[in-house]
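The values are calculated or read from the model by the stated rules, or taken from the named source; none is laboratory data. It should be emphasised that the depicted structure is a prediction, and the values quoted were computed from it without experimental measurement. Here the Cβ positions follow ideal geometry from the backbone for every residue, glycine too, while neighbour counts run over all protein chains shown.
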Amino acid sequence: MNLYFNFAKAETGFQIMLIAYLGACICYAFSILRSRYEATIYQIARFLFLLGWSLNVYILVERGIIAGRPPFKTFYESLIYFSFLFGLLALSIEWFKKVKLLGFLSLVIILSAELFALLKQDIDIVTVPPALNSGWFLPHVTIYFSGYSSVTVAFVLSILALIRTGTINLDKDSFWARALGRQEVNFEELHRDWVRIGYLFLLGGLITGGLWAKFAWSDYWAWDPKENWGLISWLIYGVVLHMHHTSFLKGRAVLKVSAASWLLILFTYFGMSYLPTKSQSMHIYTEPLPPEKDVKGVNREMY
């Protein structure tokens with residue numbers, strides 16, 4: 001009921017975007033499952049994916065103009081922003097590599113993020129508290145979410161690489177041939193490249209976050225739960241990169257560790273609100289209070 005109410009409350013652009021993403025996901029599934037009309041359905045899927053992503057851009061721009069600030073202060077906005085960045089990366093890779101299963105899995109993640117956004121209670125546009133109104137706001141969030149998006153791409157590629165390590169004849173009209181495309185793609189190498197990119201972005205997020213904290217609270221590091229888990233996530237992906245260059249932990253072992261590491265990112269992003277120490281964090285998204293009761297502000301926001 002809450003999902004339906006929030007969907008009805010959401011702007012028309014968001015509703016159409018969600019329908020386009022859902023339609024694309026369904027079309028990708030049909031293009032994989034059925035060989036008849038495969039090419040036509042596949043092109044429809046790509047068009048709907050592009051349409052949904054374009055509406056994603058429109059929603060962010062419109063919301064930013066109305067709010068007069070970068071459009072990723074609330075949990076709702078951050079999930080739309082993540083969908084925009086991840087969608088850009090996933091759509092670009094799928095467009096050039098023509099891997100239907102990549103498009104399908106990416107859309108499942110995007111739809112999950114958008115539906116979770118609808119479940120939140122912070123759809124309304126709100127202002128930025130003074131401590132967060134800094135020049136570091138835009139670069140820190142953009143860099144960190146670029147990192148989140150990059151390692152999510154790496155997660156999808158790790159799944160595809162684990163599937164592709166089996167013996168699959170791409171020339172034969174089969175489920176896996178349709179799912180993985182008709183051309184050879186080195187998913188393991190692509191996965192390694194995106195882990196590297198994500199690792200660097202996560203490092204950049206930690207650095208800009210420290211500089212922002214120094215500006216806002218006169219301290220680079222406060223051992224905030226979110227900071228700690230962000231650091232742990234970055235270190236774990238460093239281990240994944242190291243495993244790529246060791247002689248005894250290559251191949252499927254690296255891919256499995258990388259896929260599991262993505263769960264740390266999910267926990268860092270979503271799980272903070274469920275920790276016993278959440279009240280100590282300055283990075284928690286919470287349900288908004290009425291303006292007259294929302295006094296502290298700072299420790300109720302995520303940056």
Hey, among 62, 94, which residue is in contact with a Gly (Cβ under 6 Å, 6 or more places away or on another chain) and charged (D, E, K, R)?
-> 94
Please name all residue pairs, on different chains or six or more residues apart, with Cβ atoms under 6 Å, provided the first residue is in segment 100-120 and is more than 15 Å from residue 89 (Cα to Cα) and the second residue is of a type in the set (S, T, N, Q).
-> 113/83; 114/83; 118/6
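Take the residues of segment 208-219 that are loosely packed, with under 14 Cβ neighbours inside 10 Å and not polar (S, T, N, Q): which is modelled with the lowest pLDDT? Break it down into steps so the answer makes sense when it comes.
Restricting attention to segment 208-219, the residues satisfying the condition of being loosely packed, with under 14 Cβ neighbours inside 10 Å are 214-215, 217-219.
Still in the running and not polar (S, T, N, Q): 214-215, 217, 219.
Values: 214: 83, 215: 80, 217: 74, 219: 81.
Going through the qualifying residues, I end up with 217.
Conditions tested, residue by residue: (1) of a type in the set (A, V, I, L, M); (2) closer than 26 Å to residue 104 by Cβ; (3) part of a helix (DSSP H, G or I).
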| residue | (1), (2), (3) |
| --- | --- |
| 176 | no, yes, yes |
| 179 | yes, yes, yes |
| 193 | no, yes, yes |
| 208 | no, no, yes |
| 212 | no, no, yes |
| 226 | no, no, yes |
| 239 | yes, no, yes |
| 246 | no, no, no |
| 259 | yes, yes, yes |
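In the set 206, 211, 157, which member is in contact (Cβ under 8 Å) with a residue 12 or more places away in the chain and closer than 27 Å to residue 91 by Cβ?
The conditions single out 157.
Let's see how each residue does on (1) β-branched (Val, Ile, Thr); (2) part of a helix (DSSP H, G or I):
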site	(1), (2)
54	no, yes
60	no, yes
63	no, yes
87	no, yes
123	yes, no
152	yes, yes
155	no, yes
158	no, yes
162	no, yes
